[in-house]
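Encoded as structure tokens, the structure appears first; notes follow it.
The values are calculated or read from the model by the stated rules, or taken from the named source; none is laboratory data. Here the structure is a predicted model, which is why all the values come from computation and not from measurement. Cβ placement follows ideal geometry from the backbone for every residue including glycine, while neighbour counts extend to all protein chains displayed. Accessible surface areas use protein heavy atoms only, side chains included; no ligands, DNA or RNA. Shrake-Rupley method; radii C 1.70, N 1.55, O 1.52, S 1.80 Å.
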Amino acid sequence: MKPNRAVSFNIVWQACIGCSACVAVCPQPEPFVSPHDTIALNTPCSIACMRCVEVCPTSAITFERLAGVDIDTMAAKSPLGVGERAG
């Protein structure tokens, strides 16, 4: 399920096993990583591909749609297009 709005991710720390699978599949330009080697938390994600949510072996990643933050608007402001990765 891909939301049509930007999302912000959260981690259920009791469930996270620290495997960094979410970081490995994330197409966001780097660094979209938290200090705990997970995807960035409480940071708007304009791609919202949800790969991190799908790959998490413990379902530790939750997200919320950001009201009023449209993916297309964020992508237009980004030097990279939606779904492109730096490097």
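If you scan segment 61-83, which residues turn out to be of a type in the set (A, V, I, L, M), within 13 Å of the chain's Cα centre (by Cα) and either modelled with pLDDT of 85 or more or assigned to a loop (DSSP other than H, G, I, E, B) (or both)?
First, the residues of segment 61-83 that are of a type in the set (A, V, I, L, M): 61, 66-67, 69, 71, 74-76, 80, 82.
Cutting the leftovers down to within 13 Å of the chain's Cα centre (by Cα) gives us 61, 66, 71, 82.
Across segment 61-83, the qualifying residues are I61, L66, V82.
Can we say A86 is modelled with pLDDT of 90 or more and outside any helix (DSSP H, G or I)?
No, not satisfied.
Out of segment 3-60, which residues are open to solvent by 20 Å² or more (accessible area, probe 1.4 Å) and touching a residue at least 60 places away in the same chain (Cβ under 8 Å)?
Correct list: N4, R5.
If D37 passes every condition in (1) in a helix (DSSP H, G or I); (2) modelled with pLDDT of 85 or more; (3) among the charged types (D, E, K, R) but one, which one does it miss?
Result: D37 passes all but (1).
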